Amino acid sequence: MLTFTLPEPPSVNRYKRVSANGALYSTKKYRAWKKAAGWELLAQRLGMPKKELAGDLLVEIVFARKGDIDNRIKPLLDLLQDIGVYANDEQITKLVATFGEIAGRCRVSISEITS
């Protein structure tokens, strides 16, 4: 199992925008979060196996801030994929998201599901 504590992601409502010409782009707030969270994730992975997790995965997330819980999941899962924790978020066959007491941060635990 891998466990990370990261800055809480922005809501998906503040994640992407459409420009005047119709192009989709990441917001400044999302890019700043992704950069900071990405560096923290890489630092926390020091000493951990660098291989991507394979097979079906269980992801458990504890968010600090109450609100629309599903709006914070996508940016976080995209970051984990982009950093190479797993190859594709379609590997996630079980997802548990709850609220807890981690002021301004979230805790993510990922484990391979074995039959």
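Laid out as a table, the results:
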{"read-out": "Count of the stretch 61-115 residues which are within 14 Å of the chain's Cα centre (by Cα), part of a strand (DSSP E or B) and among the charged types (D, E, K, R)", "value": "2"}
{"read-out": "Odd one out for residue 51, checked against (1) in contact (Cβ under 8 Å) with a residue 12 or more places away in the chain; (2) loosely packed, with under 15 Cβ neighbours inside 10 Å; (3) of a type in the set (D, E, K, R); (4) under 19 Å from residue 88 (Cβ atoms)", "value": "(1)"}
{"read-out": "Residue 73, sole failed condition from (1) over 16 Å from residue 1 (Cβ atoms); (2) touching a Phe, Trp or Tyr at 6+ places or on another chain (Cβ under 6 Å); (3) crowded, with 16+ Cβ neighbours inside 10 Å; (4) not basic (Lys, Arg)", "value": "(2)"}
{"read-out": "Residue match in the stretch 39-48 (condition: modelled with pLDDT under 90 and polar (S, T, N, Q))", "value": "no"}
{"read-out": "Leading residue by the ranking (nearest to the chain's Cα centre (by Cα)) among those in the stretch 1-37 that are of a type in the set (Lys, Arg) and within 24 Å of residue 59 (Cβ to Cβ)", "value": "34"}
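The values are calculated or read from the model by the stated rules, or taken from the named source; none is laboratory data. Values in this document were obtained by computation on a predicted structure and should not be read as measured data. Here Cβ is always computed from backbone atoms with ideal geometry, including for glycine, and neighbour counts include all displayed protein chains.
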